[in-house]
Structures are given as structure tokens and as C-alpha cells.
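Notes follow once the structure below has been shown.
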């Protein structure tokens, strides 16, 4: 199933933040691809256990963001402030100033002491947004499939790989999770009723319902950006074809009618007007793009022996797994500009099933080597890759929340 799930010119704009002091001036810093902003964090202190957790998490989040070089030598910006335990709470004040001493971000935060990590994620995202204009990803989550329980069940973790927890107990195969637009719902395929049905899981309440149980295959579910429609692969009329379903009325619209071929792994464009998906119509699996309202598909890939598992990111780039030279690599392309490149190391492992983070920079994917599968986080600007989940088990098909 995992085979079928199928530059940056960077302008950093310092935005006005909700300052606690004087209004922040707008500063504009232009960076070339791969360059980082020097941010000094040595002036941020912590007092107490929860406050120390907050500081450590905040600094790690800023490092993992890829946007910053956290050294104090000739910094362009300084993050100062303090975090302190106050009974059962942790309180923090954070200020960012430029090299001239101008305040560009200032805010106070507090939360329960047990939520110190979550609070640090929020602050990191606010700092990233303030200094880059891009959304931070520290407070996002990643859904994925794991075999730790003996069955393929769904799990969640934080963007830094911490907080791994199991969220299904189907005792059956669960595959292909995807997020709803507000990160409050997941759709996935489960064999809990012996057949592949598509389930929708409300994360806050834990409630689940079946939303597609047609005869044959029900898989590849992906909720549209508007949350009102869902793309899915159904074989109820013969071959696995691409459909769009209205979540309210239940009406189905069939987009493909490919004889003697199978479709898989649809992913919505950011504006919800198109879908990229996989078809083996040509004899090999390749990517195609089709209007969401129906129309003639156009082939998007031609290089490589297989191109599978596409994910259309928020900033317009499509990531997918491309098989070349006997190995799967992560390929990237922008349909609007025609730019194409690869991401991730060429270390002899297979890199598959990419999923974009909302910052348009990072990808989570499955790395397979020696018959073991692990989740890795890739920085598509620097090429850096790091393992995400380090606890024992095999982990697959990640999906990064919006």
C-alpha cells in the first residue's frame, strides 16, 4: 500500500507583532536560497522545571525550523525574555529586537505547567511568522501508521517527533491517513469491518463514522481545502477510479473512466480547483492532474520508472516518490513554473510517501532500509534529514497537519 499512497528565493519580512511596548517597525531582510537569519537566543532565561522545559523546547523548535542560525556572533536579531514557574503555571515574556535595538516582536504567554511544551511550540510559531512571514510548524501534528501494537493502527506525534500516541484500536489494517483543513479531523481507510472502508475520525471527541463503504475498494481519501468535498478512489463500478464526494449531500462525481488501469492517491491543489493523482494508464504509474469539476487529465510526470504518492503543498509545489536507478527518491515540482528538483539524501535507502508541512519548506516521509521503515523529516531547502520517531516499530504513510 505504501508504494501507492502516492527554491527557494526566500524573502524574509519582519511583520508588526502584538507588542507589549512601543509599536514595532517593519524591517525587510532579503535572503538567498538556503541562507539563514542569525538569531541570538542566549538572552532568554528560565527558572523552574516547567520553564526550563519551555526554554529547551523553544530553542529546539527554532533550530528545527531551518530559518535561523542560533549563534550570538554578529546576530541580526536577538530573542530575549524569561520563563518562570508560578505554582501550577508557567509564564513567559518574549521580545525580539533587530541589530539596531528596534522591537519587532513582543508578547507575554502563560499556560499550565504540564503544557509547557505546547506553549513553547506556540511561541516558536509566532516568532517564525514574525520574522519570515511563513507559518511556523512547531505546533502542528503528524498522523501516521505504525505496527507497534501488532496491527497497523494510526498514531499521532508532534512536529518534532515527541508525544507519540496511538489513536485507533481497530485491531485491523489502517492505512492512508489525511487531515481535514482545520486539523480537527482525519480520514483514513480501515479494514475493521473486513473490507476497506473510509472512516472519518473527530480527534477532539474520538467519534468515528464510515463515510465510504461502497462495494469493492474504498481508499485514497483526501478532504478538500473547503472541507465540503472529499476525493477518493472507488472500484464500485469496475476499475479503481477517482471520484469526488459532497460531504453534505453524499453526491458522487466520477472524474476518471480509465479502462484497464487503476487510479490512486489523489491530492488537492491549494485552491481546491485541481487534483493530482496516480494512474498506470501508460503501463507504469505516473502523476496526472485533472480539474476537480471534471475534464481531461494531463500527464504531469515522465521521468523515472514509477511516480507515486503525490502531495500538493500549500505553496504550490507537488512532492512525490519517484523511482530511479532502483531506488525511490523525493521529487518536487511546481506546476505553475515548471521548476523541478529532488529532495533528501542519496544514501541507498528508499524515501517515499512525502507530506508537506504548512511552511512549504519541510516534508515528512517514510525512509525504508533493510526491511525497516521509519519516519524522516526533510528540509527541502538545506537537504537536511533527521529521524522523526525514534521508538521501536515500523512507521509508514505520514500526513502533516495544516
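Read the figures in this text as sums done on the coordinates, not as results from a lab. Note that this is a predicted model, so its numbers are computed, not measured. Here the Cβ positions follow ideal geometry from the backbone for every residue, glycine too, while neighbour counts run over all protein chains shown.
What is the fewest-to-most order of 226, 237 by other Cβ atoms lying within 10 Å of their Cβ?
Ranking 226, 237 by Cβ neighbours within 10 Å, fewest first, gives 226, 237.
Under the 0.36 nm per residue contour assumption, what length would be gained going from the current alpha-carbon distance of residue 214 and residue 183 to full extension?
Extra length from residue 214 to residue 183 when fully extended: 8.5 nm.
Per-residue counts of other Cβ atoms within 10 Å, averaged by peptide: what ranking do you get for 333-345, 256-268, highest first?
Ranking the peptides 333-345, 256-268 by packing returns 256-268, 333-345.
Report, please, the projected area of the chain averaged over directions, based on the convex hull of its C-alpha atoms, in nm².
That works out to 20.7 nm², a quarter of the Cα hull's surface.
As a footprinting exposure proxy, order 191, 371 by other Cβ within 10 Å, with the fewest listed first.
371, 191
Can you work out the base-10 log of I(q)/I(0) for the range 190-314 at q = 0.09, 0.12, 0.14, 0.19 1/Å, using the Debye formula on its C-alpha atoms alone?
Summing over Cα pairs of the range 190-314 leads to -0.24, -0.44, -0.59, -1.06.
Give me the one-decimal nm value for the distance between modelled label points at residue 86 and residue 147, 7 Å along each residue's Cα-to-Cβ direction.
5.0
For the residues 252, 119, 131, what sequence is obtained by ranking on other C-beta atoms within 10 Å, fewest first?
Ranking 252, 119, 131 by Cβ neighbours within 10 Å, fewest first, gives 252, 119, 131.
Just the Cα atoms of the range 269-322: what Rg and Dmax do they give in Å?
Cα only, the range 269-322: 10.9, 31 Å (Rg, Dmax).
Going 7 Å from the Cα of residue 315 toward and past its Cβ, which residues in the range 171-189 have a backbone nitrogen under 12 Å from where you end up?
Backbone N within reach: none found.
Once the Cβ-Cβ distance between residue 299 and residue 237 is put in as r, and R0 is 30 Å, what FRET efficiency do you end up with, to the nearest 0.05?
Working from the Cβ atoms, E equals 0.85.
Return the FRET efficiency for the residue pair residue 194, residue 100: r is the Cβ-Cβ distance, R0 is 60 Å, and the value is rounded to the nearest 0.05.
Given R0 = 60 Å and the Cβ-Cβ separation, E is 0.35.
How would you rank 202-208, 67-73, highest first, on the average number of other Cβ atoms within 10 Å across their residues?
Taking the mean over residues of other Cβ atoms within 10 Å, the ranking is 67-73, 202-208.
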